[in-house]
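The next block holds one structure in the form of structure tokens; read it before the comments.
Any read-out appearing in this document is the output of simple, stated calculations on the displayed coordinates, not a laboratory observation. This structure is a prediction, so every number in the text was calculated from the model and none was measured. For neighbour counting, all protein chains shown are included, and Cβ atoms are generated from backbone atoms with ideal geometry for every residue, glycine included.
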Amino acid sequence: MAQKKNYSRYFIILEEDEKGYSLGVDKSASGYVKLENKNGKCKISYYVQNIKKQSSPYHMVLICNKKGTKDIIKIGEMNIDEYGRADICYEYPVDNIGNSEINADKISGAAIVKFIDSNIISVMSGFSTTDIPTWKSFSIIESKEIKKEEIKEEKVNKTIFDKYEETIEEIKTKDSNNANKDNKVKSVQENKEQEHKEKNLDNKNKEKGENIEKPNEKASEKPNEKPNEKPNEEANEKPNEKANEKPNEKANEKPNEKPNEKNLGKTKKSIEENEDKKRNKQNIPIGLEGKYFRSLVEDLDSMDNITDEIKNCIWYKIDAKDEDDMRNTCNYDKFMVLYNPMLGYYPYIKKYGHYILGYKCDISGNMKYLVYGIPGNKIREEQPFKGKSGFVTWIENKENNLGYWLMFYDYKTNNILIPVK
């Protein structure tokens, strides 16, 4: 009999319901609730950003709409900092969330709300299921325990606010260290090559004796001589020197030194070209912003030969054999960029078990926008929501007959882009 899992984790993404509570038009409210069940405990984490700080409090609630339960668990107040953010954590027994005697497996959604008179104003809400209930009419259960985690809120908020700058500084430090390492490696290699050449010359001098020192000196000086000087020097040499020295030079120096130098040069050039190609691909998109996006896909397989229609675009394959595959990550940034935008399209994705993500760059390698691709044929039935959500471009895969429906997304303005025909 298989053992039951003693650990599970999933996210509930919060989306803006009521306008007027965000920091600005270009900064819409967003956030998530993370539920982690481990060893009989349920850890509930709330994170929100871009919400106006107001005199009347915001409240965190959990919505229970599973197994015949229709309740709202009122967890507590959420204090927003001066930057419009909050990050709070609670922990309860898995079978007694908020001391309400309700099990965590009955939770289907979460929300940030305001209680005005007898009305519930939903500022943000989200659900783990596609079936969204009329939850505002559910009975409200007050949490019977006041948690002390809110005391840590100021420190947590500072950490979150400084996270981006710290990441940038880490990237700069790594770049600097890598550059120093490369210089050291090149220096060590050059020194070793020089030492190796000097040792070979010393050994040859010892073997040949003093009378052959001059030809060896000439041989070591030849790389620095101009090509036009060689014929004159050879013409001015004495017959005896030619007879005695030339055979040694031809027998000992040319076969050992010149062919090896040529082969070494070709090998070195080939290695450098391959490394340059690999480095160029790894460093696109460029810049600090590019480093951030590259970090999100470092565990994904890149895909070549998708299409020639979209230039300067790097493609990645994201496996999604099951919907849980799209939720199974503890990295919030990865979840929000790679998985969350595609959760609503899983009915279209599951047929082929994967979808693709493209980093569209300009000619210099700067990041421009994201491209999401859902596999399917060029038929109406396989076009996601018949194009109403932005999947209006279809491309044919170069390697097989399968194509992809594409949606272009401007992450800077949070707008879906429709290509001009």
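Spatially, segment 110-124 and segment 24-102 are offset by 12 Å when compared through their Cα centroids.
By the beta-carbon count within 10 Å of each Cβ, the least crowded to most crowded order of Met124, Met407, fewest first, is Met407, Met124.
Taken about its Cα centre, segment 7-147 carries a charge dipole of roughly 200 debye when the Cβ of each Lys and Arg holds +1 and the Cβ of each Asp and Glu holds -1.
The stretch between Lys412 and Lys53 holds 126.8 nm of extra length on full extension. This uses 0.36 nm per residue minus the Cα-Cα distance.
Counting every other Cβ atom within 10 Å of each residue's Cβ, Ser55, Ser22, Ser302 order from fewest to most as Ser55, Ser302, Ser22. Among residues other than Phe138 with Cβ under 15 Å from its Cβ, the summed charge is +3 (Lys and Arg +1, Asp and Glu -1).
Rounded to 0.05, the FRET efficiency of the Asn119 and Leu23 pair, given R0 = 35 Å and the Cβ-Cβ distance, is 0.90. At an R0 of 25 angstrom, the distance between the Cβ atoms of Ser295 and Lys67 translates into a FRET efficiency of 0.05. Taking each residue as 0.36 nm, the span from Ile286 to Glu91 lengthens on full extension beyond its C-alpha to C-alpha distance by 66.1 nm. Between Glu82 and Ser364, the contour length at 0.36 nm per residue exceeds the alpha carbon distance by 97.7 nm. Residue order for Asp308, Asp410, Asp81, fewest other beta carbons within 10 angstrom first, comes to Asp308, Asp410, Asp81.
Each residue, Asn328 and Lys136, gets one label point 7 Å from its Cα in the Cβ direction; the gap between the two is 3.8 nm.
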